[in-house]
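K.L.:
Here's a structure for you.
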Amino acid sequence: EHLADPRLSVDALALALNCSRRQLYNAFSEEPDGVAGYIQRRRLEACKAVFDDRRQAHRSITDVALSFGFQNMAHFSRVFRAHLGLPPSDYRRGALAA
């Protein structure tokens, strides 16, 4: 629900849930990348969904990344590529061509 908030973090989530960081990490113990990795993966999946949606083709890659809490485009490109194997521009081009 709060993926767009760039302040969403482990600390912010623990505070909002009124629990300790340790409790939060324990709750996410099955997640291979922990809490922060889970948040990042959900953000990347949300961006991917926008890139897959032809109705959203008018939105720039920067706009999409910023709208899901990414504040640094170099970082976004790097983690998107690591997650999906393609830079965002190549992924989007292929998704829209399909």
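K.L.:
Take ALA57 and tell me if it is touching a residue at least 24 places away in the same chain (Cβ under 8 Å) and exposed (fewer than 14 other Cβ atoms within 10 Å of the Cβ). Quick ask: steps written out before the conclusion?
P.N.:
Numbers: touching a residue at least 24 places away in the same chain (Cβ under 8 Å): yes; exposed (fewer than 14 other Cβ atoms within 10 Å of the Cβ): yes.
Yes.
K.L.:
Taking the criterion of being over 26 Å from ALA97 (Cβ atoms) and aliphatic (A, V, I, L, M), would at least one residue in the range 21-34 satisfy it? Explain how you work it out, then say what you get.
P.N.:
If we filter the range 21-34 for residues that are over 26 Å from ALA97 (Cβ atoms), which is where we start, we get 21-34.
If we keep only those that are aliphatic (A, V, I, L, M) too, we end up with 24, 27.
Among the residues of the range 21-34, at least one is over 26 Å from ALA97 (Cβ atoms) and aliphatic (A, V, I, L, M), which makes the answer yes.
Condition check ((1) assigned to a helix (DSSP H, G or I); (2) under 19 Å from ALA4 (Cα atoms); (3) open to solvent by less than 60 Å² (accessible area, probe 1.4 Å)) across all residues:
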residue	(1), (2), (3)
SER29	no, no, no
PRO32	no, no, no
VAL64	yes, yes, yes
GLN71	no, yes, no
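K.L.:
Filter the range 1-27 down to the residues that are closer than 19 Å to ALA65 by Cβ and open to solvent by 90 Å² or more (accessible area, probe 1.4 Å) and list them by number. Lay out the reasoning, then the answer.
P.N.:
Of the range 1-27, the ones closer than 19 Å to ALA65 by Cβ are 1-9.
Those that are closer than 19 Å to ALA65 by Cβ and open to solvent by 90 Å² or more (accessible area, probe 1.4 Å): GLU1, HIS2, ARG7.
K.L.:
So the check is Cβ under 8 Å with 6+ separation or different chains; which pairs have a first residue in the range 1-25 that's touching a residue at least 24 places away in the same chain (Cβ under 8 Å) and a second one that's open to solvent by 100 Å² or more (accessible area, probe 1.4 Å) and polar (S, T, N, Q)?
P.N.:
Taking only residues 6 or more apart or on different chains, the pairs are PRO6/GLN71.
K.L.:
Let me ask you something else. Sort out which residues of the range 78-88 are of a type outside the set (A, V, I, L, M, F, W, C) and either in a loop (DSSP other than H, G, I, E, B) or open to solvent by 50 Å² or more (accessible area, probe 1.4 Å) (or both), and write them in order of number.
P.N.:
Our first condition is that a residue be of a type outside the set (A, V, I, L, M, F, W, C); within the range 78-88, this holds for 78, 81, 83, 85, 87-88.
Passing the criteria: ARG78, ARG81, HIS83, GLY85, PRO87.
The values are calculated or read from the model by the stated rules, or taken from the named source; none is laboratory data. Keep in mind it's a predicted model, so treat the numbers as computed, not measured. So basically every Cβ, Gly included, is an ideal-geometry build from the backbone, and we count neighbours across all protein chains shown. Remember, those area values only see protein heavy atoms, side chains included, never the ligands or the DNA or RNA. Shrake-Rupley method; radii C 1.70, N 1.55, O 1.52, S 1.80 Å.
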